[in-house]
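Report on the following structure.
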Amino acid sequence: GDYSYLRNPYIAMAEEALSPRQARMLFRNGEYVGKPTSGLCGGYLQANLAVFDHQLSDSFALFCKRNSAPCPLLYRSRVGEVFAPPLAEPSDVRTDLPLYCIWRNGKLVEKRESLMEYVWDKNVSFYLGCSFGFEKALQDVGVPVRNIEQQRNVSMFRTNVSCNAVEPFHNNLVVSMRPIPRSLLKETVEATQGLTGAHGAPIHIGDPAMIGIKNILEPDFGDALDFHKDDVPVFWACGVTALESVASSGDVMKTQYTVCCCVIVC
């Protein structure tokens, strides 16, 4: 990806100095379009967003309940609500993210910087925890976060692990991967296991083939990461699973649009 924004003195300071409110204002003002937010506002929770027509909202809520590791539900909005008072104040779900991906018929049809032109009165927004929210916890116990070091997005992979299906959502788990020094695996598990709102502990450590990943250097989403000597691949359940659930729904959503995007800082 393009990480030239990290060389901008104002944007670069965001990694530690910007508050979540300031970050949301950057998104709202179009100053951070389409950029990954790993390392941004360290120590604060981040969320993935999924927006559905209210007719599908109960089904997706049940999907989240049955698949809480990849889809930890932080907040489910009321029908037509554009704010998320328990998570972020002030906020507006239509403007406060770096980029919005619009899906129809289970396919990505458009990317937008804002959703202000969309009618919102029948929408329900789901805020799902993101692994970017635990990266500061890793750093605090001395675990290097390679994607931040290398100024790249995290690597994400489709797996052969089935989610618990809820019609019309039936798909496999997506995982994020971070190379971790073998000597720090215990610290990694302990630092993340209690952070269930950010996916919690790893779901797999070691051989990628055991969960259906053929090449650790060819992620399905995000960027490939360089391994240091003695690094081990460590995998967490990932919120991109929600995106895959939308893709799996096919023409059930023929007359509806769905928004899936990452991420809002809370």
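The values are calculated or read from the model by the stated rules, or taken from the named source; none is laboratory data. Model, not experiment: these values are computed from the prediction. Here the Cβ is made from the backbone with ideal geometry for all residues, glycine too, and neighbour counts use every protein chain on show. Only protein heavy atoms, including side chains, enter the accessible area calculation; ligands, DNA and RNA are left aside. Shrake-Rupley method; radii C 1.70, N 1.55, O 1.52, S 1.80 Å.
The conditions of being among the hydrophobic types (A, V, I, L, M, F, W, C), open to solvent by 10 Å² or more (accessible area, probe 1.4 Å) and touching a Leu at 6+ places or on another chain (Cβ under 8 Å) are met by ALA61. Close Cβ contacts (under 6 Å, 6 or more residues apart or on different chains) running from residues in the range 95-106 that are under 19 Å from SER249 (Cα atoms) to residues that are open to solvent by 10 Å² or more (accessible area, probe 1.4 Å) and acidic (Asp, Glu) comprise ILE102/GLU110; ASN105/ASP251. Looking at the range 203-222 only, could you name the residues that are among the β-branched types (Val, Ile, Thr) and in a helix (DSSP H, G or I)? Listed by number, the list holds a single entry, ILE211.
Scanning the range 169-179 for residues that are open to solvent by 10 Å² or more (accessible area, probe 1.4 Å) and out of contact with any strand residue (DSSP E or B) (no Cβ under 6 Å at 6 or more places or on another chain) yields HIS170, ASN171. Quick one: is VAL124 farther than 27 Å from ILE211 by Cα, open to solvent by 20 Å² or more (accessible area, probe 1.4 Å) and among the hydrophobic types (A, V, I, L, M, F, W, C)? In short, no. Close contacts from the range 205-230, counting a first residue that is over 10 Å from PRO179 (Cα atoms) and open to solvent by 60 Å² or more (accessible area, probe 1.4 Å) and a second that is assigned to a loop (DSSP other than H, G, I, E, B) and not charged (D, E, K, R), with Cβ to Cβ under 6 Å and a gap of 6+ residues or different chains, come to LEU217/ALA224.
Before we move on, is ALA61 touching a strand residue (DSSP E or B) at 6+ places or on another chain (Cβ under 9 Å) and farther than 24 Å from VAL33 by Cα?
Yes: the conditions hold for ALA61.
For (1) touching a Phe, Trp or Tyr at 6+ places or on another chain (Cβ under 8 Å); (2) at pLDDT below 90; (3) open to solvent by less than 30 Å² (accessible area, probe 1.4 Å); (4) under 23 Å from ASN153 (Cβ atoms), each residue gets a yes or a no:
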| position | (1), (2), (3), (4) |
| --- | --- |
| TYR5 | yes, yes, yes, yes |
| PRO20 | yes, yes, yes, yes |
| ALA23 | yes, yes, yes, yes |
| LEU73 | yes, no, no, no |
| PRO90 | yes, yes, no, no |
| LEU99 | no, yes, no, yes |
| ILE102 | yes, yes, yes, yes |
| LEU108 | no, yes, no, yes |
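For the range 65-81, a residue qualifies if it is touching a residue at least 40 places away in the same chain (Cβ under 8 Å) and in contact with a Leu (Cβ under 9 Å, 6 or more places away or on another chain), and the qualifying residues are ASN67, ALA69, PRO70, CYS71, PRO72, LEU73, LEU74, TYR75.
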